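What follows is a set of notes on a single structure, which appears directly below.
The values are calculated or read from the model by the stated rules, or taken from the named source; none is laboratory data. Fair warning: this is a prediction, and the values are worked out from it, not measured in the lab. Cβ placement follows ideal geometry from the backbone for every residue including glycine, while neighbour counts extend to all protein chains displayed.
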Amino acid sequence: MVLKGKRAIVTGSSRGIGNAIVQAFLREGATVYGLSRNPAEGQEELAAAAREGGGVYRWRQADVTREEDVIKVADAIVAEAGGIDVLVNNAGITRDGLIFRMSMADWEEVLKANLTSAFLLSRTLARSMIRQRSGSIINVSSVSGIMGNAGQVNYSASKAGLIGFSKSLAREVATRGVRVNAIAPGLIETDMTKVLGEKARDMFLGQIPLGRVGTSADVAGLAVFLASDASAYITGQVIPVDGGLSM
């Protein structure tokens, strides 16, 4: 139980990678606040993970693209928990399409959900972490932010932005004992990637040296490491979880 006693917030916690991270944290003994617009899927799995590791799960409804929502819920959680040790900025959406057909709404919604939300949560919670002189902020980026991807200029820009954001924030808070790192998942089996056609999926698989699609658990395992004291000397890093796709 490497996260026993840790208090964590995970955004976009209702499904996919976020939900897997919540379950992994619970199995390691953490108290986890899941932020999302809708309750998490797999309540039985969450309860089982909490029983297994002695963790505690609490859900809070929030639109993490709205400044007033973020400040209100973050301040309430800090007051209730007595502080926060880990923040996972995982919330994200896609609105794919070639740039010639992309609307301003598709551009702005993706940037707000994927990048602005991380700014809002980090700005609010970094203050608490600095006061306690410890903390780990984990931003879920993407290999699309490293390599780019046709049809995803909005998504790739937001995820590349998260990488620059992570490195800059890491430099700002390092002297106060707060670490900031980014995870860059590749092709991961989630609802978001299920919309890929068979042809696109086979194309990606042909470029992955390990020859398989990743799982949410692959990403969650790295999140546990970055949240734990085992990564105490790691900050400002971007770590791909992509089967070798981006190497």
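Ile163 versus (1) on the phi < 0 side of the Ramachandran plot; (2) in contact with a helix residue (DSSP H, G or I) (Cβ under 8 Å, 6 or more places away or on another chain); (3) surrounded by 19 or more Cβ atoms within 10 Å (Cβ to Cβ): which is the lone unmet condition?
Every listed condition holds for Ile163 apart from (3).
Restricting attention to strands (runs of 3 or more DSSP E) lying wholly within the range 1-90, give those where 1 or more residues are free of Cβ contacts under 8 Å to residues at least 60 places away in the same chain, charged (D, E, K, R) and surrounded by fewer than 22 Cβ atoms within 10 Å (Cβ to Cβ).
Correct list: 56-61.
Sort out which residues of the range 208-233 are in a loop (DSSP other than H, G, I, E, B) and surrounded by fewer than 15 Cβ atoms within 10 Å (Cβ to Cβ), and write them in order of number.
Matches in the range 208-233: Pro209, Leu210, Gly211, Arg212, Ala232, Tyr233.
Find the residue count for the range 170-206, including only residues that are at pLDDT below 90 and either in a loop (DSSP other than H, G, I, E, B) or not small (Gly, Ala, Ser) (or both).
Selection size over the range 170-206: 17.
Among the listed residues Thr116, Thr94, Thr124, which satisfies the condition of being over 23 Å from Gly16 (Cβ atoms) and among the β-branched types (Val, Ile, Thr)?
It is Thr124.
Show the residue pairs meeting these rules: Cβ distance below 6 Å; 6+ apart or different chains; first residue within the range 233-247 and in contact (Cβ under 8 Å) with a residue 12 or more places away in the chain and more than 23 Å from Val178 (Cβ to Cβ); second residue of a type in the set (Val, Ile, Thr) and not in a loop (DSSP other than H, G, I, E, B).
Every condition considered, the pairs that remain are Ser246/Ile146.
Would you pick out the residues in the range 102-140 that are touching a helix residue (DSSP H, G or I) at 6+ places or on another chain (Cβ under 8 Å), farther than 20 Å from Gly82 by Cβ and not in a helix (DSSP H, G or I)?
Met102, Ile138, Asn139, Val140
Quick check on this structure: which one of Arg133, Arg101 is surrounded by fewer than 22 Cβ atoms within 10 Å (Cβ to Cβ), touching a Gly at 6+ places or on another chain (Cβ under 8 Å), modelled with pLDDT of 95 or more and not hydroxyl-bearing (Ser, Thr, Tyr)?
Selected residue: Arg133, the only one of Arg133, Arg101 that is surrounded by fewer than 22 Cβ atoms within 10 Å (Cβ to Cβ), touching a Gly at 6+ places or on another chain (Cβ under 8 Å), modelled with pLDDT of 95 or more and not hydroxyl-bearing (Ser, Thr, Tyr).
Just one of the numbered conditions (1) under 18 Å from Asn19 (Cα atoms); (2) of a type in the set (D, E, K, R); (3) crowded, with 20+ Cβ neighbours inside 10 Å is not true of Asp191; which one?
(3)
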